[in-house]
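Read through the structure below, which is laid out as structure tokens, and then see the notes.
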Amino acid sequence: AQRHSQQDSHIQYERVGADVTMKCGSMDWDAAVTWTANGTDIDDSHLNGSYLILKNVDLTQSGQYSCYEGSSWHLKYQTNLRVGVPPKEPVLMCRSNNYPKGFYCSWHLPSPTYIPNSFNISVIHGTREMVCEKDIFPKNRCHIRYLQLFSTVKYKVTLTVTNALGKNSTTLTFDEFAIVKPDPPESVVAKPVPNNPRRLEVSWQNPSSWPDPESFPLKFFLRYRPLILDQWQHVELSDGTSHTITDAYAGKEYIIQVAAKDNDIGTWSDWSVAVHATPWTEEPKHLTTEIQIIGETLTQHKPLALRGPGYGDPSAGGVW
Amino acid sequence: MAAADIPSAALRHHDLCSRGIRLARKMRSDVTDLLDIYVERQGLDASISVAAVDGVPAAAAERWAEQSGTQRLLDNLAAYRAFRTLLAQMLEEQREQLGDADAELGPALAAVLLQVSAFAYHLEELLELESRGAPAEEGSEPPAPPRLSLFEQKLRGLGVLRELAQWAVRSVRDLRQLAKHGPGTTLEGSGTALGLPESQ
């Protein structure tokens, strides 16, 4: 027989572990009905009269449940069961990586809820409520523009997460300066210094997200070590975006990273991407001399036609 | 200002700005240390919130980036003159409360008071260079401190030091803005930017 579906199904949220009873629309308790889950008939053991009983539901029991009248196969009831959990306390983080323009707050849930959640964030500065403009990407993030600088009044950010099964919230209170943390320096480059077996020249750029390095200069922290050792060496640089390492072990490959901090406030950035470099090393002399001798010998016994510019020609200093 | 004077004025301005930055940064570091001593000595909770205190210049600034150089100097000077009075009052109160028994808070307060006075004088020099001259101080006698309970006095002191710490950071930024634009520029963005070597 053809099953007739004309009822709009609604969504029913239930907690994991709950006992769920579904009534077959307006059908009496003792009416003959058939229940399906995602189109598959449910056996009578789950029925109490025309009621469907689901004990201690789990996530796998989410789905579309339908009830049809016994003889006419008319759809009498349909629902989308969504099994999930209420939200746990969300993890909230606020940071200013573009001081003094503003700061952003981002959040996540420590564990999934398996059902849709909605987030609401409020930012209070003293008595003033500030707008947190949602970023398109990444999703769970919004940013606030500073209306005031150098304020001693703390910021209070409250994030509330709500879903059909419950609600939770987190509040952060912080000073303007405390959350200032630049992004790592960019374009880090390390190069050997010709004829200097113990030097490496390192240069980098201010993070592009830092809006005004001239008025709000950054200082830097450089760390470097040869790959063969675990112990880092550090140097702090209060201005400029380059440094020459002068105590490198000759011939050893080095790993180098840089971090940044506002000169006066806030905390250090994460370390930059690591770069590798090996100090300049002199060409091994004994190999060079042998090659030169062989070259000269060949030149003397070769027919004239074969001699070309720079081919073993000492005046050209050509050494290959 | 004669043509020959401009380079020397610019150099003097640059020197005053960079020395002012160093002084403000040192002051901030000392005020931060003083705050720790103050909180501990006065038995306060470091995280306690202090509402805006009457008579204490707030460092908070709106549209800070749009301020003119002269406005920055005038705001700074007014603030540090006020802090000079407030710190002197605090020092007086502290001596009445603790007498000579306290060998740490008093000297730390006195040292910061000295720096605040020096910085105020420094700002006056900069204003002179702006060929504007520093405004005269209002009246000879500072306003009498309000009658407060001991706890209110302590909270007020905390509020003063917190604002001063913020002002020190603001002053560093203000002086950097000033250094960018050279002497005698009332508008932002004009004048030559004199790169300032940052020294610790």
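The values are calculated or read from the model by the stated rules, or taken from the named source; none is laboratory data. Computed from a prediction, not measured in an experiment: that's the story for all the values here. Glycine also receives a Cβ, built like all others from the backbone with ideal geometry; neighbour counts cover every protein chain displayed.
Some observations on this one:
- Subset of segment A:244-262 [buried (at least 19 other Cβ atoms within 10 Å of the Cβ) and either more than 12 Å from A:P197 (Cα to Cα) or within 14 Å of another protein chain (Cβ to nearest Cβ) (or both)]: A:Y254, A:I256, A:Q257, A:V258, A:A259, A:A260, A:D262
- Any chance B:L23 is closer than 30 Å to B:G99 by Cα, in contact (Cβ under 8 Å) with a residue 60 or more places away in the chain and outside any helix (DSSP H, G or I): no
- Residues satisfying the stated conditions in segment A:123-158, i.e. away from chain B (no Cβ under 14 Å) and exposed (fewer than 15 other Cβ atoms within 10 Å of the Cβ): A:E129, A:V131, A:E133, A:K134, A:D135, A:I136, A:F137, A:P138, A:K139
- Condition check for B:A79: crowded, with 16+ Cβ neighbours inside 10 Å and either within 14 Å of chain A (Cβ to nearest Cβ) or outside any helix (DSSP H, G or I) (or both): yes
- Of everything listed in (1) at pLDDT 95 or above; (2) over 30 Å from A:T60 (Cβ atoms), the single unmet condition for A:D212 is (1).
- Count - residues of segment A:167-187 that are more than 10 Å from chain B (Cβ to nearest Cβ), charged (D, E, K, R), surrounded by 17 or more Cβ atoms within 10 Å (Cβ to Cβ) and within 29 Å of A:K88 (Cα to Cα): 1
- Within segment A:212-262, being touching a residue at least 12 places away in the same chain (Cβ under 8 Å) and closer than 28 Å to B:E66 by Cβ holds for A:D212, A:F216, A:P217, A:L218, A:K219, A:D239, A:A260, A:K261, A:D262.
- Criterion (under 17 Å from B:G159 (Cβ atoms), within 19 Å of the chain's Cα centre (by Cα) and of a type in the set (K, R)) met by exactly one of B:R84, B:R72: B:R84
- The residue list A:A190, A:A164 contains one member that is away from chain B (no Cβ under 14 Å) and out of contact with any Pro (no Cβ under 9 Å at 6 or more places or on another chain), which is A:A190.
- Selection within segment A:31-69 - under 41 Å from the mean Cα position of the chain (by Cα), exposed (fewer than 14 other Cβ atoms within 10 Å of the Cβ) and part of a helix (DSSP H, G or I): A:L59, A:T60
- Test: residue in segment B:146-164 that is among the aromatic types (F, W, Y), modelled with pLDDT of 95 or more and either buried (at least 22 other Cβ atoms within 10 Å of the Cβ) or outside any loop (DSSP other than H, G, I, E, B) (or both): no
- Count of segment A:193-221 residues, restricted to those that are β-branched (V, I, T) and surrounded by fewer than 13 Cβ atoms within 10 Å (Cβ to Cβ), is 0.
- Looking across segment A:253-264, just one residue is modelled with pLDDT of 95 or more and assigned to a loop (DSSP other than H, G, I, E, B), and that is A:E253.
- All conditions but one from (1) within 14 Å of chain B (Cβ to nearest Cβ); (2) buried (at least 19 other Cβ atoms within 10 Å of the Cβ); (3) of a type outside the set (D, E) apply to A:Y224; the one that does not is (1).
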